[in-house]
Amino acid sequence: MTQTWLLLVYEISLISCALVAGVFLTFSDFVMRSLNGARTSAGVEVMQGINREVFKTIFMVLLIGMWALSAALGVAAYFGALGSGGASIFWAAIIYSVGVAGVTLVFNVPMNNRLEAKDYEGPDAAAYWTEVYYPRWTFWNWVRGVAAAVAAVFYLTACLQLVQGS
């Protein structure tokens with residue numbers, strides 16, 4: 001019974017990480033390029049709106065919920081409480097916590113806050129968008145996307161290890 005619950009938790013973690021990675025991929029691959037291709041003031045204004053709206057979405061539940069779940073699973077794995085797949089879970093937790101949550105808190109959120117404080121039609125906003133926000137935010141978003149995808153692979157590995165008993 002315990003193995004069934006663990007497998008379910010690992011599968012939910014795998015799917016959650018993959019969904020988070022997909023959102024990050026979407027933004028890095030074409031949303032940010034599209035915003036950057038619009039009038040600068042339009043790109044800034046829309047991104048400001050996105051940054052306000054994101055807090056009301058299922059994406060935030062997945063992003064933050066996965067951070068909490070990864071941390072709990074990582075601690076359990078560290079102390080050997082998970083058995084098969086524990087090492088994979090530990091690495092998934094580290095990668096998600098550092099590469100997704102850490103990067104979000106240290107890089108993307110502060111840039112979002114600075115962008116929000118600017119008048120989207122002002123020259124300061126245009127300079128910030130062009131010189132800092134668009135290139136750096138997009139780079140760190142790629143990092144988050146890759147980290148979430150790698151964490152998903154580690155969760156998949158843990159699922160397989162648990163099922164195979166190795």
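Just so you know, all these numbers are worked out from the coordinates, no wet-lab data involved. Every value quoted in this text rests on a predicted model; they were computed, and no experiment measured them. Here the Cβ positions follow ideal geometry from the backbone for every residue, glycine too, while neighbour counts run over all protein chains shown.
Using r as the Cβ-Cβ distance of PHE139 and VAL46, and R0 as 25 Å, what FRET efficiency do you calculate, to the nearest 0.05? Before the final figure, lay out each step's value.
Numbers: r = 20 Å, r/R0 = 0.79.
That gives a FRET efficiency of 0.80.
What residue among SER97, SER34, SER13 has the largest mean-square fluctuation in a Gaussian network model of the chain, using Cα springs under 10 Å?
SER34
Evaluate E = 1/(1 + (r/R0)^6) for PHE55 and ALA87, where r is the Cβ-Cβ distance and R0 equals 22 Å; express this FRET efficiency to the nearest 0.05.
The pair PHE55/ALA87 has a calculated efficiency of 0.05.
Arrange VAL103, VAL98 by Cβ neighbour counts within 10 Å, fewest through most, would you?
VAL98, VAL103
Kindly provide the helix-only [θ] at 222 nm of the chain, computed as the sum of -39,500 (n - 2.57) over DSSP H runs of four or more divided by all residues, to the nearest 500 deg cm²/dmol?
So the helix-based figure for the chain works out to -23000 deg cm²/dmol.
Ranking THR26, THR2, THR40 by Cβ neighbours within 10 Å, fewest first, what do you get?
With the fewest neighbours first, THR26, THR2, THR40 line up as THR2, THR26, THR40.
Could you work out how far apart the two model spin labels at ASP119 and GLN3 are, taking each label as a point 7 Å from the Cα in the direction of the beta carbon, and quote it in nm?
6.6 nm
How would the stretch 62-156 be classified by its alpha-carbon gyration tensor: rounded, prolate or oblate, with rounded meaning a/c under 1.5 and the a/b versus b/c comparison settling the rest?
It comes out prolate by the Cα gyration axes.
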